[in-house]
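What follows is a short report on a single structure.
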Amino acid sequence: MGVDVMQPDGTAVTSGTPADEVHPDGSGRGERPDGPSRRSQVVRKIRARKVPILLTVVTLVTGMAFMFFWYPVVYHHDGWAIGGDVWGIWRAAHYVGWGDLGGVYTPGTGVVSLPGMPVLLAPLAMLSGRLGLSESALPILLIHPTAALILQPAEILLSSSVLFASDALAERFGVPARRRVGLCVVVALVAWPVGVLWGHAEDTLALTLAVYALLAGLDRRWAACGWLFGCALAVQPLVALLIPLVIAMTPAGQRFRTLARSLLLPGFLLIVAFAGDAADAWRAVVQEPTPPSVNHATPWAALAPVVEVIRVHATQVSHAVLAGSGVFGVLVTKAHAGTETAVSGGPGRFLYFALAIGAGLFLWRRPQPAIRLFWIAAMVLGARCFFEAVMTPYYLAPPFILALAVASRSGGRRFWTAVVVAVATSVFAYFRLGPWEWWLPVVTGAAVVVAMAYPSDAVVEAVQKAVNRSSEPGSEPDGADGSDLGCRPGGPRAHA
């Protein structure tokens, strides 16, 4: 039998009683004195993200329905609709699984970013091989590649992760619940083609990781900020444009360690890839050849250096396996004889990197409220649309999603104007037009979306009040409310 011991508050506790039965505050079995149980915390977090979860399920269902039924219903022939680029990434994932990281840049894969996505998909690729699933590999295109039953859901789920990041960002800034629902629906629409049509989930996944990295920085969790940003870089180096912003917001004592964490994973992957196949890695990562005729050439393509010349014969032949029979059918495509060029980024790419560095220097000298940090991040990511030599429609998704998340805190008129322009511009980007006829409307739409998202002083003040109302005294460290990002060499500095 235990001995009754009186606590300072008068509560009697019997010695030998299990710690989870009675606590000094009188709580019972299974309850923690410092807050709700872990299970209730998980339930609360799930409820807080119920809209992104629901829309992720909707995206998965509609994306798989598109894959199964688009060709039979619309074009009246058998086959599954799968993004063409995804099979190159899938082949690269096999190389990673086989231990040949340098193989991800073999010309047949078409991979021109860092190898984070093939590394992420490698376990699934090995599972697919173990199960004996079939897959397409250019120029062999299968009608029903069974590996798509694993690959396509993975791409859709990874791409849909941006729903959670945008909703977390809107919640952080005190966006009303109804408008957050609208934001999630619009983000789902913008992100849907990225994973379903193109098979490039790395663009939205990198944005997800970058947003959570910046939010961790606002909470002064610099280790998490560095590691998350490093994962984002390893998946898609586009977010390298945000490195100057990360440096600017990090206090002097944490700057080197945060930057080192950000570069460790992508640097390691690049070193291993270059060690395995330096020539192809240089070609893919540094030169990044892109044929303007396949995608959308912009006026900057005229200034971009030509890195490859491809000979085109009078007839191009690609093969497809007929469903069920296993007999090869030949699909013949007529083409004009001649040459096809592939260009690199050119001087336009230097311009938007210079803009990113300028934005970082501006934040270094004049620290801004957190919501303006994310607006500047959207502007920097959107600069790619202005200066890239060759564009693809899904390039618009990351800056549009981030800008819409920021715009959701402004008035309804500005937010819905940004929504209409973003959706209209995204749809227009699929039309095949001349360089100027295509580029001018796209960059105009992008400029309008970013302009509508700019947070005024009144919005900044409203964000601060909303955060103050939702924060309990003593629950977060100074500066964790996101009201400042500020750092100078002397350390963090708060701004209302």
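The values are calculated or read from the model by the stated rules, or taken from the named source; none is laboratory data. Because the structure is predicted, anything quoted here is derived from the model rather than measured. Neighbour counts are summed over all protein chains in view; Cβ atoms, including those assigned to glycine, are modelled from backbone coordinates with ideal geometry.
Sort through P115, P123 and tell me the only one that's surrounded by fewer than 21 Cβ atoms within 10 Å (Cβ to Cβ) and either in contact with a helix residue (DSSP H, G or I) (Cβ under 9 Å, 6 or more places away or on another chain) or modelled with pLDDT under 90 (or both).
Unique residue meeting the criteria: P123.
Residue under question is L60, and the condition is that it be among the hydrophobic types (A, V, I, L, M, F, W, C), surrounded by 13 or more Cβ atoms within 10 Å (Cβ to Cβ), within 26 Å of I143 (Cα to Cα) and at pLDDT 95 or above; does it hold?
yes
What is the one condition in (1) part of a helix (DSSP H, G or I); (2) surrounded by 23 or more Cβ atoms within 10 Å (Cβ to Cβ) that V423 does not satisfy?
So V423 meets the others, but not (2).
Let me confirm something: among A234, A168, A223, which residue is crowded, with 23+ Cβ neighbours inside 10 Å and more than 23 Å from T425 (Cβ to Cβ)?
A234
Out of W192, W198, report the one residue that is in contact with a Ser or Thr (Cβ under 9 Å, 6 or more places away or on another chain), of a type outside the set (K, R) and assigned to a helix (DSSP H, G or I).
None of the others qualify; the one that does is W192.
Within the range 214-235, can you find the residues that are assigned to a helix (DSSP H, G or I) and touching a residue at least 40 places away in the same chain (Cβ under 8 Å)?
L214, L215, G217, L218, C231, L233, A234, V235
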